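Here the structure comes first, spelled out in structure tokens, and everything after it is commentary.
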């Protein structure tokens, strides 16, 4: 079995969603009132992922990018959610 290599677009997607987790954590950690919203901050990276996924999906349909896999999405969203959770927990 050959190892699967990540394209530049897929790596950029994962890095961007993980970075969004850090930014969300930095915004939410000092503001406890944001943690009580209907949609918890740990789920916000999913929205970032959705927007990026739609953009990359359109580019993939035009042949300008490689489509994302479920593994890419899973790693990015779960990782970013964990980053937000840890940053908020450490701030309390």
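Derivation of every value follows stated rules applied to the coordinates shown; laboratory data play no part. If you're wondering where the values come from, they're calculated on a predicted model, not measured in any experiment. Reconstructed Cβ throughout: ideal geometry from the backbone, glycine too, with neighbour counts over all protein chains shown.
For region 66-81, a tally of residues being surrounded by 14 or more Cβ atoms within 10 Å (Cβ to Cβ) and in a loop (DSSP other than H, G, I, E, B) returns 3. Please enumerate the residues belonging to region 28-42 that are assigned to a helix (DSSP H, G or I) and in contact with a helix residue (DSSP H, G or I) (Cβ under 7 Å, 6 or more places away or on another chain). Result: 28, 34, 35, 41, 42. Within region 49-65, which residues are under 18 Å from residue 20 (Cβ atoms) and surrounded by 14 or more Cβ atoms within 10 Å (Cβ to Cβ)? Within region 49-65, 49, 52, 53, 56 meet the criteria. Of all residues in region 1-18, those being touching a helix residue (DSSP H, G or I) at 6+ places or on another chain (Cβ under 8 Å) and part of a helix (DSSP H, G or I) number 7.
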